[in-house]
Amino acid sequence: MTLDWGVVWQNRDALIKGTATTILLTFATMAIALPCGAVVAVLRLYAWKPIRGLATAYVEFFRNLPLILVVYWAFYVLPILTGFGVSPLLTGLAALALNVTAYNAETFRAGINSIRRGQVEAAMALGMSRVQALRRVVIPQALRRILPVLASTWVSLFKDTSLVSVIAVTELAYVSMQVRAQTFRVLEMLTAMAIIYWLLGYPQAKLVDWIQRRYAVTE
Amino acid sequence: MIAENNSGGRAKGTGATIIRYRGVVKRYGAFTALDGVFLNVHAGEVVCLIGPSGSGKSTLLRCTNGLESIEGGDIEFEGTMLPRDERALRAVRQRMGMVFQSFELFPHLTAQQNVSEGPRTVLQMNQADANQRAAALLDKVGLADKAPNYPSALSGGQQQRVAIARALAMNPDVMLFDEPTSALDPETIGEVLSVMKKLADEGMTMVVVTHEMSFARRVGDWVAVFDAGRIVEQGPPRQIFDAPTTERTRDFLSHLGWSG
Amino acid sequence: MEFDFAVITDHARFLASGVGVSLLLAVLSGATSLATGFIVALLRLYGPPWLKPAVVLYIDSMRAIPVLVVLVWTFFALPIVTGLTMPPFFAALLGLTIHLAAYAAEIVRAGIESVRPGQTRAALALGMSRSQILLRIVLPQAIVRMLPAFGSLLSITIKDTAIASVIAVPELMRQSETVAGQSFQPIEVYTFAMLVYFAMLFPVTRGVDLFYRRVAHLGRS
């Protein structure tokens, strides 16, 4: 078995671009899924009953589906829904956003629900309005519980971006496997891919641990 | 330093010394929890440890059966030094029952199984004998009908009585009580104290950390007052409660609103 | 635009075999991950000190690398290292286990550490040995506490089996791709696959939830 690790260096430009796409996808997805998740959570908690049901159904459905299937599904359905061709990158982004929005909505809802009723009652007993109580008492406390969960969702999302490689989004996984196919340097390229993911993901995982320790709620 | 006590007025002071604490020192980092404690516990005696929170009473109890190691002095149990070796320590622990402030019943076991667990796993007793012993002890603490219940279905007072039965199941020579009524609702404190009183009347040697001054006075044979890791005064309850000889004891009792 | 779901009934057997493989892979990799996770967690907590950094490195690495990457590496690259080729199903089982065992280990560790130290003290006071305490007092409670997390791990396992399609394991995702490609009716096929996955996953989530509520008191000290 002869190994040629030079292949990794020769294809550095493609790998760097792929890595950039992976990072871009992670940020873009979260940028969409945070506000959307918050809206869905609020709809689920406070909206008119049928809307509430719809929001719940959306959250439960997408939390109970493999993401890779959502990616394929979006790839075929989006062009029909929108009437024009959608680039793989946007399709991947849409699939990831649909998925992560559902998870974030559940995180927000659970966070708000975790604050004991007595807290709202105590705030209202001080003369605060319901909105004031939510803004000044419930949300600051809920954030402490929400942040650690969001942090681990973030790392999951970072890893899940690899799944959009199946619809030829040129992110890190796709690029690595392309180069592998062109050069037949299987072990080298797949190992390089794993190492790049590790280099990016490991500090993130450690950061999550730190956030979870920092915000650990003890009652 | 408080002299080793051999003072008069110790009703059961004639029995053999079961536990002897000699200059016990316990530190947690820079904090000194026990700062040279001297105390003797005689057979058949009820020794009550009182004093403000954080004064070292519970720490002394946990050092007694080696749940905490000590940094200085020594603890003698039935004439031999408390061993450091884990295996030997286990043998000593079998002869000391312990009751915790927070009960610490095993939630995955029924009341009966909680009591038979020690005899089964530690004493290797067969199932039938262990069950029989458990049933008898639950009856003794007035909970025969609760044998099949899980702890989650018992009140605090009931849980603590099961915990006493669990400790008794090992046939201990001495019982250590760590604030056994502090976590209880006022209305269930009485049922636990009366079980303890019954044990005392049967001649069980007991070391009790407690905030129940009336119990210490009524049931205790000997009372030690802790403050800042030391025993500031010890003597028969009548002396401690009616004629305390130190300022610290008087302070402590007056904070509790004790009026004699 | 018209939808024709006859494509599903036409390929019912083929798709059903995919469901079978998905479930088999999920159950097997769930079991092996759990067993491995227990061993890894016990090594991390009670193993020799020199082993601990390696265990922590393994767990954190798996939290950092996508499961797709682990699966692809196991199937394509590992045989080059070992010289042994593996059938896709076995490679998927191995890859999923390597990945998920790390998560299982974290669940087990958190469960064990969540049992109050007072429980250990109470057992020590009875004269029990360390191993007796772990097996008879701590683990039974910890396992009850781990149930919700094991439930979500099982649902993650089922979802991750779909990724095994990229190494050609003939599970539901892969079979759906095949049918979609042959029939040119991807929307019908993938929508159907969504419903099937949901039908497999939702009961797991709910079932574990209900079961946990019934036994939660056994782990609450």
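No lab work stands behind these numbers, since they all come straight from the coordinates. It should be emphasised that the depicted structure is a prediction, and the values quoted were computed from it without experimental measurement. Every residue, glycine among them, receives a Cβ derived from its backbone with ideal geometry; neighbour counts consider all protein chains shown.
Quick one: Karplus J couplings for segment B:223-240, per residue in order, coefficients 6.51, -1.76, 1.60, θ = phi - 60°, nearest Hz, x for Gly and Pro?
My calculation for segment B:223-240 gives 10, 10, 9, 9, 7, 6, x, 10, 8, 8, 6, 9, x, x, x, 4, 5, 4 Hz in order.
Where does the charge balance sit around B:Q158 when Lys and Arg score +1, Asp and Glu -1, over other residues with C-beta under 15 Å from its C-beta?
-2
Apply 1/(1 + (r/R0)^6) to the Cβ-Cβ distance of C:S131 and C:W50, taking R0 = 25 Å, and write down the FRET efficiency to the nearest 0.05.
On the way: r = 21 Å, r/R0 = 0.85.
In this case the efficiency is close to 0.75.
Tell me the relative contact order for segment C:6-219 as a rounded percent, counting alpha carbon contacts under 8 Å between residues six or more apart.
This gives 30 percent for segment C:6-219.
Once amide H atoms are placed 1.01 Å from N in the peptide plane, what residues at a sequence separation of 5 or more from B:T205, or on another chain, have their amide H within under 5 Å of its amide H?
Amide H to amide H, under 5 Å and 5 or more residues apart or across chains, B:T205 pairs with B:G44, B:M175.
Applying 1/(1 + (r/R0)^6) with R0 = 60 Å to the Cβ-Cβ distance of A:L81 and C:R116, what FRET efficiency is obtained, to the nearest 0.05?
0.65
Please sort by residue number the chymotrypsin sites (Phe, Trp or Tyr not before Pro) in segment C:3-50 whose DSSP state is loop and whose Cβ has at most 10 other Cβ atoms within 10 Å.
C:F3
Hey, what D do you get for chain B in µm²/s if you plug the Kirkwood alpha-carbon radius into Stokes-Einstein at 4 °C and 1.567 mPa s?
The diffusion coefficient I find is 69 µm²/s.
Using the Kirkwood radius built from alpha carbon pairs, what does the Stokes-Einstein equation give as D for segment B:96-173 at 4 °C and 1.567 mPa s, in µm² per second?
Values: Rh = 11.9 Å.
The diffusion coefficient I find is 109 µm²/s.
Could you tell me the center-to-center distance, by alpha carbons, between segment C:157-221 and segment A:146-206 in angstrom?
23 Å
Between C:L195 and A:L90, what is the label-to-label distance in nm when each label sits 7 Å out along the Cα-to-Cβ direction?
Between C:L195 and A:L90, the simple spin-label model gives 3.0 nm.
Straight-line reach from C:K159: which lysines have a Cα under 17 Å away, not including same-chain ones fewer than 8 places off?
Within the straight-line limit of under 17 Å, C:K159 reaches these lysines: A:K159.
Using all Cα-Cα distances in the protein assembly as shown, what percent lands in each 20 angstrom bin from 0 up to the longest?
Result, from short to long distances: 15, 37, 28, 17, 3, 0 percent.
Compute the distance in nm between two label points, each set 7 Å from the Cα along the Cα-to-Cβ direction, one at C:F184 and one at A:L34.
4.5 nm
Hey, what does the equivalent ellipsoid look like for segment C:6-219, semi-axes from the Cα gyration tensor as sqrt of 5 times each eigenvalue, largest first, whole Å?
Output for segment C:6-219: semi-axes of 38, 22, 11 Å.
Please give the helix C:139-161 orientation as an angle from the longest Cα principal axis of chain C, in degrees from 0 to 90, rounded to the nearest 10.
That helix lies at roughly 20 degrees to the long axis.
Compute the distance in nm between two label points, each set 7 Å from the Cα along the Cα-to-Cβ direction, one at C:F90 and one at A:S114.
4.4 nm
Among A:R135, A:R52, A:R44, determine the one that fluctuates most according to a GNM of chain A built with springs between C-alpha atoms less than 10 Å apart.
Maximum fluctuation in the GNM of chain A, among the listed residues, is at A:R135.
Which loop chymotrypsin sites (Phe, Trp or Tyr not before Pro) in segment A:177-219, with loop taken from DSSP, have no more than 15 other Cβ atoms within 10 angstrom of their Cβ?
Taking segment A:177-219 and a limit of 15 other Cβ atoms within 10 Å, the loop chymotrypsin sites (Phe, Trp or Tyr not before Pro) found are A:F184, A:Y215.
Compare B:L138, B:L39, B:L89 in a GNM of chain B, Cα atoms joined below 10 Å, and give the one with the largest fluctuation.
For chain B, modelled as a Gaussian network with Cα springs under 10 Å, the answer is B:L89.
Under the rule of at least 5 residues apart or a separate chain, name every residue whose amide H is placed under 5 Å from the amide H of B:V99.
Excluding prolines and chain starts, which carry no amide H, the hits are B:L176, B:F177, B:D178.
Calculate how many DSSP beta bridges within the protein assembly as shown are antiparallel, expressed in % of all such bridges and rounded to the nearest 5.
Percent antiparallel among DSSP bridges in the protein assembly as shown is about 55.
Treating the angle as unsigned and between 0 and 90°, give the value, to the nearest 10°, between the Cα long axis of helix C:88-114 and the longest Cα principal axis of chain C.
It works out to around 30 degrees.
State to the nearest 20 debye the size of the charge dipole of the protein assembly as shown about its Cα centre, where the only charges are +1 on K and R beta carbons and -1 on D and E beta carbons. Write down the numbers at each step before the final one.
On the way: 63 positive and 51 negative charges, 120 e Å.
The calculation lands at about 580 debye.
For segment C:123-190, which chymotrypsin sites (Phe, Trp or Tyr not before Pro) pass both filters: DSSP loop (anything but H, G, I, E, B) and at most 16 other C-beta atoms within 10 Å?
On the way: sites: C:F150, C:F184, C:Y190; in loops: C:F184.
Listed in order of number, the matching sites are C:F184.
Remind me, relative contact order of chain B in percent, using alpha carbon pairs under 8 angstrom and six or more residues apart?
Computed over chain B, the figure is 26 percent.
What is the distance in Å between the Cα centres of segment B:152-190 and segment C:33-68?
Cα centroid to Cα centroid, the span is 40 Å.
So for chain A, averaging the separation of alpha carbon pairs under 8 Å that are six or more residues apart and normalising by length, what relative contact order in percent results?
30 percent
What are the residues whose amide H is under 5 Å from the amide H of B:C48, where those residues sit 5 or more places off or on another chain and H is modelled from the backbone?
Counting only residues 5 or more places away or on other chains, the set is B:V208, B:D221, B:W222, B:V223, B:A224.
Using Cα atoms only, what is the angle between the long axis of helix A:67-82 and the major principal axis of chain A, expressed in degrees (0 to 90) to the nearest 10?
In chain A, helix A:67-82 runs at an angle near 90 degrees to the longest axis.
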